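J.: Would you mind keeping the following structure in view while I ask a few things?
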Amino acid sequence: MNPRADYFIEMECAQITKHGQNACGDAYDLLRLDDENRAIAVLSDGLGSGIKASVLATMTVRMAMRFLRTDMDLLKSVETIMDALPVDSVRRISYATFSMVDLQVDGTTRLVEMGNPRYIHLRGTADVAARVHTQMVSQRWPDRPVECYEMNIEPGDRLICCSDGVTQSGLENRAFKFGWRREGELSFIQELVAANPTISAYDLAHAVANRALAVDSNVNKDDISCLVVYLRRPRVLRILTGPPYHQSNDAPYARLAAPDTGADAVIVCGGTSANIIQRELGVRVEIDLRKIREAGDLPPPGTIPGIGIATEGILTLSRVRRALEEGVEDLQTLPLAARVIIEKIHTADRIEFYVGTKVNEAHQDPNLPAELDLRRNVIHRIADILTEKYRKQTLLRWF
């Protein structure tokens, strides 16, 4: 058995649209091919900004993803993309740049760039040089050299690609005469990783994008995109909610929340579930009354020492479902309990749901909100959203 099969490829991209524009002129796509122990990702920067840039960047991404997925010849793929892109009549340059990543966990990883800032390959805090670097020049497009890199990715490695909205941020700022540049981005990333060696791809990508925005005095003059690919052991979040249908299953249900059972974090949703955990494991839910003020319109979360977090049940999960469905980015706008759950979800790779199927009679109250579904429907919907929209692995088990 290949030990690397147990590793997880986390991919995230953070984007900030150019100040004053409604559409981001950068585009990206990410695809994890678990059956092949492989992941592919593309980031494209459309020339300029706004709708036109967005359309051309999106077209570039779609073509590149299709070519990567089908293992089409690299030169032919690049030429086809460049043939399809119009050329700026004044500057005589392509209307879109791109970075293409084909990460092979058990083999050679390839990274191809045309026009984007050079990627960063981080191992620990070291910037690793590619094992092979060649420049490919198409006879049809001799003025558009394409940089091709080959490397071996080790567990714990990160690949970071960005648009020039990151490296050129701060060009008109006296503190950054030539912009933030790759050196500034690299130094910032190294500091983050040194302080938090297991920082997630999500957190790292957003930290870089937000820092680039700050370097631009919070008025970015270009679209900002940062894509991070991170190979590591999967982080498991286990969510227990609802009492088991048969009381005889309370003990095995509760043991799933116990330490050393394979979960990196545990959340218990619902008062009855929390009571079962307390009774079976001999622990106690602790509520910090100081959090009531910031709790919003949901009960505040509590902690179960040695176990994890406890929240109210179906109302909180319904709020989580809605926020995930809508793609809420500013989590501070959410009630504290929903925010805590979503923050845990964002930093996890595999979310395991253990759902009790005993019907809570209180949920049949007609005075409850109309959007309140039965627990199993809410959990099914959350799992679908996490799989389809957030590229998470999910597991559902019923008790």
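The values are calculated or read from the model by the stated rules, or taken from the named source; none is laboratory data. Quick caveat, the model's predicted, so the values are computed rather than measured. Virtual Cβ from ideal backbone geometry, glycine too; neighbours counted across all protein chains shown. Protein only, heavy atoms only, side chains kept; ligands, DNA and RNA dropped before computing areas. Shrake-Rupley method; radii C 1.70, N 1.55, O 1.52, S 1.80 Å.
Residues checked against (1) within 30 Å of Ile345 (Cα to Cα); (2) touching a His at 6+ places or on another chain (Cβ under 9 Å):
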{"residue": "Asp102", "(1), (2)": "yes, no"}
{"residue": "Val105", "(1), (2)": "yes, no"}
{"residue": "Arg140", "(1), (2)": "no, no"}
{"residue": "Cys148", "(1), (2)": "no, yes"}
{"residue": "Arg158", "(1), (2)": "yes, yes"}
{"residue": "Cys161", "(1), (2)": "yes, no"}
{"residue": "Asn173", "(1), (2)": "no, no"}
{"residue": "Ala194", "(1), (2)": "yes, no"}
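J.: Could you run through segment 28-55 and say how many residues are of a type outside the set (Asp, Glu) and open to solvent by 10 Å² or more (accessible area, probe 1.4 Å)?
T.: Total meeting the criteria: 13.
J.: Sticking with this structure for a sec: Of everything in segment 258-297, what is of a type in the set (A, V, I, L, M) and over 32 Å from the mean Cα position of the chain (by Cα)? Give them in sequence order.
T.: Across segment 258-297, the qualifying residues are Ile276, Leu281, Val283, Leu289.
J.: What pairs can you find where one residue is in segment 373-394 and at negative phi, the other is hydroxyl-bearing (Ser, Thr, Tyr) and open to solvent by 50 Å² or more (accessible area, probe 1.4 Å), and their Cβ atoms are less than 9 Å apart, with a gap of 6+ or different chains?
T.: Gln393/Thr387; Thr394/Thr387
J.: Right, something else. Pairs under 6 Å by beta carbon, first residue under 20 Å from Ala348 (Cβ atoms) and open to solvent by 50 Å² or more (accessible area, probe 1.4 Å) in segment 262-291, partner outside any loop (DSSP other than H, G, I, E, B) and polar (S, T, N, Q), six or more apart or different chains?
T.: none
J.: Which members of segment 195-234 meet the condition of being part of a loop (DSSP other than H, G, I, E, B) and either of a type in the set (Asp, Glu) or open to solvent by less than 40 Å² (accessible area, probe 1.4 Å) (or both)?
T.: Selection gives Ile199, Ser200, Asp216, Asn220, Asp222, Asp223, Pro234.
J.: Kindly indicate whether any position in segment 124-140 is under 21 Å from the mean Cα position of the chain (by Cα), farther than 18 Å from Asp45 by Cα and open to solvent by less than 50 Å² (accessible area, probe 1.4 Å).
T.: Checked against the condition, which is being under 21 Å from the mean Cα position of the chain (by Cα), farther than 18 Å from Asp45 by Cα and open to solvent by less than 50 Å² (accessible area, probe 1.4 Å), segment 124-140 yields at least one hit.
J.: Still on this structure, please answer the following. Please find, within segment 146-185, the residue that is most open to solvent (accessible area, probe 1.4 Å) out of those that are more than 14 Å from Phe98 (Cα to Cα) and polar (S, T, N, Q).
T.: Checking each candidate, the answer is Gln168.
J.: Let me ask something additional. Yes or no: Glu113 acidic (Asp, Glu), touching a strand residue (DSSP E or B) at 6+ places or on another chain (Cβ under 6 Å) and either buried (at least 20 other Cβ atoms within 10 Å of the Cβ) or modelled with pLDDT of 95 or more (or both)?
T.: So Glu113 passes the test.
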